[in-house]
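The values are calculated or read from the model by the stated rules, or taken from the named source; none is laboratory data. Everything numeric here is computed off the predicted structure, so don't read it as measured data. Heads up, the Cβs are rebuilt from the backbone with ideal geometry, glycines too, and the neighbour counts pull from every protein chain shown. Ligands, DNA and RNA are excluded from the accessible area calculation, which covers all protein heavy atoms including side chains. Shrake-Rupley method; radii C 1.70, N 1.55, O 1.52, S 1.80 Å.
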Amino acid sequence: MDKNTATEKNTTIIKNATCTFCGCVCDDMELTVDLDEKCIIKSKNACVLGKAWFSEHSVDESRPVALIDGKEASLEDAIEEAAQILVNARFPIIYGLSDTTSEAQRQAVAMADYLSANIDSTSSVCHGPTGMGLQGVGEPTTTLGEVKNRADMVVYWGCNPTDCHPRLSTHFTVMPKGMYIPNGRKDRTVINVDIRSTSTTNIADLFVQLKPGSDYELLSALRSISRGRRLNPSIEEQTGVPMATIEDVAHRLMSCNYGILFFGMGLTMTRGRHYNTGALHLLAADLNEHTHFVVKPARGHGNVTGADTVMSWQTGYPFGVNFNRGYPRHEPGEFTTTDILVRGEADAACIIASDPIANFARPAIEHLKKIPVISFDPKPTPTSQIARVALTTACYGINVPGTVYRMDDIPIPLRPAFESPFPSDLDILKPLTERIRELKAH
Amino acid sequence: MSSTLRIVNGKVYDPANDIDGQVRDVCILDGKIVDSVPEDAPTIDAHGMVVMPGGVDIHCHIAGSKVNLARKFQPEDHRYDPHPGTEYTRSGSGGVVPSTFATGYRYATMGYTTAMEAAVPPLSARHVLEELEDTPIIDKGYYVLMGNNSMLHQLLEKGRMEEFREAVAWWVKATKAYTIKLVNPGADEMWKGKKNANITALDQKIHAFDLTPRKVIKALIDVANDLGLPHPAHIHCNNLGHSGNYETTLETMRTAEGRRVHITHIQFHSYGGEVGKNPVSAARAISDFVNDNPNISADVGQVMFGKSVSMTADAPLAWMLRHVKERKWINADTECESGCGIIPFEYQQHVYTHTLQWAIGLELFLMAKDPWRMVLSTDHPNGGSFLNYPRLIRLLMDRDFRNQEATRVNQKAIGKTSLPDLTREYSMQEIAIVTRAGPARLLGLKNKGHLGVGADADITIYDEMDNKEEMFNAARFVIKDGHLFIKNHEFCADHSGRIFHIAPEYDKSIENEIRSFFDDYYSVQFDNYPVSDTHVHNTEVIANIPVT
């Protein structure tokens, strides 16, 4: 680790630290750490979201490591209680996983296997339909560095990276100079497609505003043009986009040297879902008949990509996996967490590094409140407040080393800034899994 | 605590030590083969059984970024082939691209105890190492892609050979790889350009560089030899799958100029005929060259009928296959380092080309004079799953079975090959060579592939049966590092296996130059790129060969 001890305060500087706030996983942070106060006082190179992430994750040593039914408990007692809850459940579910290390994710899948439990990540409520689009039609894709080096056409469709992934454009895709993009921004065209203008519209050369819910139609229209077919004029009425604009966009996409379509939850969580993502992937595939074209979801949480990746290598499936027959099965809609909760099937839940009580649909929350919940989180959350067993954990990237997978599947190492008195997710999952195996063996 | 075991009454096949089916004891102490163990050591009675070293797969695709994409995008591949856990083992899913746990257990069930993942971009090193850690029982390692590396291209075009060598050594060490892999060298620059093009000749200019594939190939063969890597440069030649490509393959082998090189899945590179027309067999020309040049080794990359997945760093190849049948397709570009393409595929007996590929693979096996240098692979899962190995072994050992199978395939294609005239049958000893002793020797793994004193106690015991497919399908006992973990066909323990890598020395001053390239063209920080020693567990550094 690169540590340069400064003289005045008891501080240290961590170079090349990694920010795990969003899927960009920027690994060029320079953190100034106050070792006495256990907090980060400066985060050079971080965006506004990263700065908040680093400054807000100080350690409150007065918090108990565990609560059982709201009362302070030892870690050992909490693990025992958690193991008993999970082993005695008929349909235990494990959920979350997008804000923890891949090491902890691997252990969580192992635990699900030994428990014959259901396991699912926050993918199922964000880019799950992207995974389903991939399963249906494939995906031409790339790493972010190739975008920097080659892409002269960047499309942001149904996403707003300027607010949600602030460094995506400035560090990776639009502003930087690259191997074949000597002038940076000047050498690129940026197109923004959305139902309303956002901060991202301000950095675009062309903004295409379409009617809500007409993404699939507009994507299909662009595919038709790229395949040399004529459009039915009703497309203007369906999408609200003038024919001339559709043709202009299609021809720009077809004539670039290296193009990329970034997209977000404007496609995955609106009408059409995996049909939208499938159509988008196919548009990129079709454009390869004219030029080199790729596609990339702008993934949200720091290691949500890792959750998909780890679950795929251990089970064959990216999310929504059920082990209750003794082997993994995958069925979005059946084994995805909100659906299980809404149907009232789960009778115990282990929530790792996520906050469903704050985010899920009302009927899912209602059921979650009725069953015993075990929560892992560095901070008190609405979920930890209803949990039977609430565990306080160290924060990945800030206190915990390990690997996270960037939105383009590139594994990035973490350089923790300071030690936390609390255990990591992995530190708890390992003995918890061991205890579950012991209890199951009897 | 020491653990001992004695295997008695088995017919032992240990070609590296010239033991060819003699009945003799094999003794194990603390994970190694020893001369003798105390009288009261536990024994396995292998009467009526065949004892061999554990199998070694020199070339397969079992872990890492492209394998995982292939898993992720084919739920239909797993759904009908679940892999339940046992008291000792984890569950998983099967199919042509199994989950990591299923991969390890299924290799072990066949009696394989070592397997090498054959193509990973350096940027994904951590990923493949994490997956390999989750691949149980077997020992493993991986080959790192170097044939389309922009920084290395830059050094090479300027003729800076010293720096080139140091940079290669840095890269291999930083990524904890086992050797250098080349895939369609020079093609990625063309592929990532506007025309999605491919490179077609060894002396063609690589787009944007004053360089040709031949120069890249020569330089990397030389570096691997100069550094004394235990396994030489592992090459997937240009023009894979194209009619007439055998000439490219011959040229690639000539480029080695007598130095060690491994040509992988050579079947896919042994086609005659004209570009764009139906291929014919050029197995004879390729086989003659390999037979005559002891510096060359190869694995076959046999095609087996049924489901496969084409997954390759050769992105233009996958693009070509996409046009054969417009199926779902993955392309994955890696900055400055690699391309990748994935297509689900099926080899069908009635199709001319597929039959020809099947027959050429068998020709290459049956024409090989030195089985130590023409070893068994299906380029799993490209030519078919590794689960086809037992069937492939039967095709090699049983002429009647082979002839019977040859009546079911495209007869026009069979007529263009010499397969009907090849009467050779592989002996048990030759099978032990192409599946164990040969690959271990080619990999430079001194403790693998044999049962001599000091070898790792990785041992497979098969029931001796007339039907060799049934025999090799499931070993009765499998021992890894001295531990019995398959007993009477059932798992009785779990085991994690080791990860092999090499760590060549390099001149530290090269790091500054690579760092500045990273600052300009990579999306990760130079300091975050090398895989630290604490990142992976259970690793073992395999020493370089002393260079004279």
Would you pull out the residues with amide H under 5 Å of residue A:399's amide H, same chain only if 5 or more places away, H placed 1.01 Å from N?
A:417
Lys pairs, segment A:289-442 - Cα-Cα below 23 angstrom, 8 or more residues apart or on other chains:
4
Only Cα pairs under 8 Å and at least 6 apart count here; give the relative contact order of chain B as a rounded whole percent.
20 percent
Where the only charges are on Cβ atoms (+1 Lys, Arg; -1 Asp, Glu), what is the dipole of chain A about its Cα centre, to the nearest 20 debye?
900 debye
Test item: Cα-centred dipole of segment B:10-132, Lys/Arg +1 and Asp/Glu -1 on Cβ, debye
740 debye
Span-like helix ranges in chain B, DSSP H, alpha carbon extent 20 angstrom or more, Kyte mean at least 0.0
B:213-227, B:352-367
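Given the pairs A:15/B:173; A:9/A:177; A:44/A:177, which are separated by over 30 angstrom at their Cα positions?
Cα-Cα > 30 Å for A:9/A:177; rest within.
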Listed residues A:287, A:341, A:231, most fluctuating in chain A (Gaussian network, C-alpha, under 10 Å)
A:231
B:246, A:317, reordered so the largest accessible area comes first (probe 1.4 Å)
B:246, A:317
Residue-ordered couplings for segment B:9-19, obtained by feeding phi - 60° into the Karplus form 6.51 cos²θ - 1.76 cosθ + 1.60 and rounding to whole Hz (Gly and Pro as x), are 6, x, 7, 9, 10, 9, x, 5, 10, 6, 9
For each pair in A:148/B:195; B:195/B:416; B:72/B:192, compute the distance between the two Cα atoms and list the pairs where it is over 29 Å.
B:195/B:416
Which cross-chain or sequence-distant (5 or more) residues have an amide H under 5 Å from the amide H of residue B:457, H modelled 1.01 Å from N in plane?
B:32, B:33, B:481, B:482
Anchor residue B:307: aspartates and glutamates whose Cα lies under 18 Å away (excluding residues fewer than 8 positions away in-chain):
B:76, B:77, B:81, B:326, B:346, B:379, B:405
Share of alpha-carbon pairs per 10 Å distance bin for segment B:425-548, given as whole %:
10, 27, 28, 17, 13, 6, 0
So, taking all protein chains as they sit and a 1.4 Å probe, how much accessible area belongs to residue A:75, in Å² rounded to tens?
40 Å²
Can you give the accessible area of residue A:331 in Å² (nearest 10), computed on protein heavy atoms with a 1.4 Å probe?
70 Å²
Normalised by the number of residues in segment A:128-297, what is the relative contact order in percent for Cα pairs under 8 Å and 6+ residues apart?
33 percent
Accessible area (Å², 1.4 Å probe, nearest 10) - residue A:132
50 Å²
Report the residue, chosen from A:326, A:96, A:306, that carries the largest GNM mean-square fluctuation when chain A is represented by alpha-carbon nodes joined by springs under 10 Å.
A:326
Summing +1 per Lys or Arg and -1 per Asp or Glu among the other residues with Cβ less than 12 Å from residue A:93's Cβ gives -2
If you rank B:168, A:48 by how much accessible surface each has, with a 1.4 Å probe, what is the order from largest down?
A:48, B:168
Using +1 at the Cβ of each Lys and Arg and -1 at the Cβ of each Asp and Glu in the protein assembly as shown, identify which of A:46, B:510, B:255 lies farthest towards the dipole's positive end.
B:255
Could you go through segment B:188-198 in sequence order and give the Karplus-derived ³J(HN,Hα) for each residue, using 6.51 cos²θ - 1.76 cosθ + 1.60 with θ = phi - 60°, rounded to whole Hz, and x for Gly and Pro?
5, 4, 5, 5, 7, x, 4, 8, 6, 8, 10
Taking every other residue with Cβ under 9 Å from the Cβ of residue A:171 and scoring Lys and Arg +1, Asp and Glu -1, one gets +1
Please give the net charge around residue A:242, taking every other residue with its beta carbon less than 12 angstrom from that of residue A:242, where Lys and Arg add +1 and Asp and Glu add -1.
-4
Which order do A:164, A:126 take by accessible area at a 1.4 Å probe, largest first?
A:164, A:126
Just report the Cα centroid separation between segment B:191-237 and segment A:369-388, whole Å.
55 Å
When the charge dipole of chain B is computed with +1 at the Cβ of Lys and Arg and -1 at the Cβ of Asp and Glu, the Cα pointing farthest to the positive end, of B:545, B:401, B:228, is that of B:401
So for chain A, taking the charge dipole from beta-carbon charges (+1 Lys/Arg, -1 Asp/Glu), which of A:282, A:386, A:169 sits furthest toward the positive end?
A:282
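Pairs of alpha-carbon atoms within less than 8 angstrom and 6+ residues apart define the contacts here; what relative contact order does chain A have, in percent?
Over chain A, the number comes to 24 percent.
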Ellipticity estimate at 222 nm from DSSP helix runs (n ≥ 4, -39,500 (n - 2.57)) divided over chain A, nearest 500
-10500 deg cm²/dmol
Can you compute the charge dipole magnitude of segment B:54-448 about its Cα centre, using +1 on each Lys and Arg Cβ and -1 on each Asp and Glu Cβ, nothing else charged? Give it in debye, rounded to the nearest 20.
340 debye
Can you check how the C-alpha radius of gyration of chain A compares to 2.2 N^0.38 Å, as a plain ratio?
1.03
